[in-house]
1. Which residue, Leu57, Leu102, Leu67, has the most motion in a Gaussian network model of the chain that connects Cα atoms within less than 10 Å?
2. Cα-based Rg of region 20-68 per 2.2 N^0.38 Å, rounded to two decimals?
3. On average, how much area does the Cα convex hull of region 20-113 cover when viewed from any direction, in nm²?
4. For region 24-94, what % of the accessible area comes from carbon and sulfur atoms, probe 1.4 Å?
5. Tell me whether region 59-113 comes out rounded, prolate or oblate; compute the Cα gyration tensor, take square roots of the eigenvalues as a ≥ b ≥ c, and use a/c under 1.5 as the rounded threshold.
6. Using θ = phi - 60° and the Karplus relation 6.51 cos²θ - 1.76 cosθ + 1.60, list the HN-Hα couplings for region 32-46 in order, rounded to whole Hz, with x at every Gly or Pro.
7. Taking the Cβ of Asp35 as the centre, find all other residues whose Cβ is under 11 Å away and add up their charges (Lys, Arg: +1; Asp, Glu: -1).
Amino acid sequence: MLERDLTDDRAADVRQIAERYEAVVHCFGTVAHPDGRTWQAEPGSSGLGTAGSGDVLSGAITGFAALGMEPERAAVWGGWTHARAGDRLTERVGIGFLARDLLPELTAVVHES
């Protein structure tokens, strides 16, 4: 039996959703544009597996879009800053932080970039 590469499967699925809904889609680090282009963002640490973390990610993406970034660029940068903020927080406090703890880290990541 052959092992499937879930990353390839996810990219294909995310690309199909983006095409179907004619929207940029961000799903677990994969960003897809309706024209078929895809990007793979850093997934971040397991500390991001907390209630509300996805809402913080959505806010980061929306914030970058509000600054005038193209939707795909906002999705990639939002995903990257979210992952980096989660990594920084996990290094400092370990797993078990709350989604609200990510907000100051997002700001710090943006300022250091």
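1. Leu67
2. Taking the Cα Rg and dividing by 2.2 N^0.38 Å, one obtains 1.24.
3. Averaged projected hull area, Cα only: 5.9 nm².
4. Whole-percent figure for carbon plus sulfur exposure: 57.
5. Prolate.
6. 10, 9, x, 7, x, 5, 9, 9, 10, 9, 4, x, x, 7, 5
7. -1
The values are calculated or read from the model by the stated rules, or taken from the named source; none is laboratory data. Here the structure is a predicted model, which is why all the values come from computation and not from measurement. Quick reminder, even Gly has a Cβ in these numbers, built from the backbone with ideal geometry, and neighbours come from all protein chains shown. These area figures cover heavy atoms from the full protein model, side chains too; ligands, DNA and RNA do not enter into them. Shrake-Rupley method; radii C 1.70, N 1.55, O 1.52, S 1.80 Å.
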